[in-house]
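The values are calculated or read from the model by the stated rules, or taken from the named source; none is laboratory data. These numbers were taken from a predicted model, which means no experiment stands behind them. Note that each Cβ is placed from the backbone with ideal geometry, even for glycine, and that neighbours are counted across all protein chains shown. Surface accessibility is based on the protein's heavy atoms, side chains included, excluding ligands, DNA and RNA. Shrake-Rupley method; radii C 1.70, N 1.55, O 1.52, S 1.80 Å.
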Amino acid sequence: MANQGQGDPITAELEPVVAGAIAEAGFELEQLDVAQAGRRRLVRVVVDGDDGVGLDEVAVVSRAVAAVLDEHDAVLGGPYTLEVTSPGVDRPLTRPRHWRRARLRLVKVRPVEGTEFTGRVGAADEDTDGGVQLLVGGALRRVGYHEVAHAVVEVEFKQPPVAELAMLEGRASGTEEDAR
């Protein structure tokens, strides 16, 4: 469910129609914020999808959201500026789908208890009561979502080691053949 602007009634009223338009375009609403910006309102929409969101997809979503906002212009009460974006790489992993989309990526995890660590994401449960498999220091480790205080994807500038990918995929060897 999207962030509803700390109880803002305009955001709360628009969230279902904006989420519906985004879903029809094949994406998910991550966040919706409506704020006053001078004489206009700024409508900020953050969308995501299983395969990410490219510029072409942002354009499609922008047109769909603009159409539903125009249909509900009485709610906004005047002119608005629409900003549609995808989550940045620094977005915290807070939902199972975030973990699923980060599969095979390197993440920094600050647990509720214990010291911070870095691991590569493997299989992630869909249920919020579940957890995720991480490769930490060459060993597979299961971490429950409830055990994570904060987690973000780390930016990598080179391909992940083939052996790590093989371990997360459940293959015995880490040869180049396995990585294909």
**Q.** strands (runs of 3 or more DSSP E) wholly inside segment 125-169 that include at least 2 residues being open to solvent by 80 Å² or more (accessible area, probe 1.4 Å) and closer than 23 Å to VAL112 by Cα
**A.** 139-144
Q.
Looking only at segment 10-29, how many residues end up being in contact (Cβ under 8 Å) with a residue 24 or more places away in the chain and open to solvent by less than 20 Å² (accessible area, probe 1.4 Å)?
A. 5
Q. Would it be correct to say that ALA67 is open to solvent by 30 Å² or more (accessible area, probe 1.4 Å), modelled with pLDDT under 90 and among the small types (Gly, Ala, Ser)?
A. no
**Q.** Selected residue (criterion: nearest to the chain's Cα centre (by Cα)) from residues of segment 42-54 that are acidic (Asp, Glu) and open to solvent by 60 Å² or more (accessible area, probe 1.4 Å)
**A.** ASP50
Q: Return yes when ARG39 is among the basic types (Lys, Arg) and open to solvent by less than 60 Å² (accessible area, probe 1.4 Å) and no when it is not.
A: no
Q) What about ASP33, is it under 30 Å from HIS150 (Cα atoms), open to solvent by less than 70 Å² (accessible area, probe 1.4 Å), of a type in the set (Asp, Glu) and touching a Phe, Trp or Tyr at 6+ places or on another chain (Cβ under 8 Å)? A) no
Q.
Looking only at segment 82-120, filter to residues that are surrounded by fewer than 12 Cβ atoms within 10 Å (Cβ to Cβ) and over 19 Å from the mean Cα position of the chain (by Cα); which one of those is nearest to VAL43 (Cα to Cα)?
A. VAL112
Q) Given (1) within 27 Å of ARG105 (Cβ to Cβ); (2) of a type outside the set (Lys, Arg); (3) modelled with pLDDT of 90 or more, where does GLN31 come up short, assuming only one miss? A) (3)
Q. Would it be correct to say that VAL65 is over 15 Å from the mean Cα position of the chain (by Cα) and part of a strand (DSSP E or B)?
A. no
Q | Residue list for segment 74-122, filter: out of contact with any helix residue (DSSP H, G or I) (no Cβ under 8 Å at 6 or more places or on another chain) and among the β-branched types (Val, Ile, Thr) | A | THR81, VAL89, THR94, VAL107, VAL109, THR115, THR118
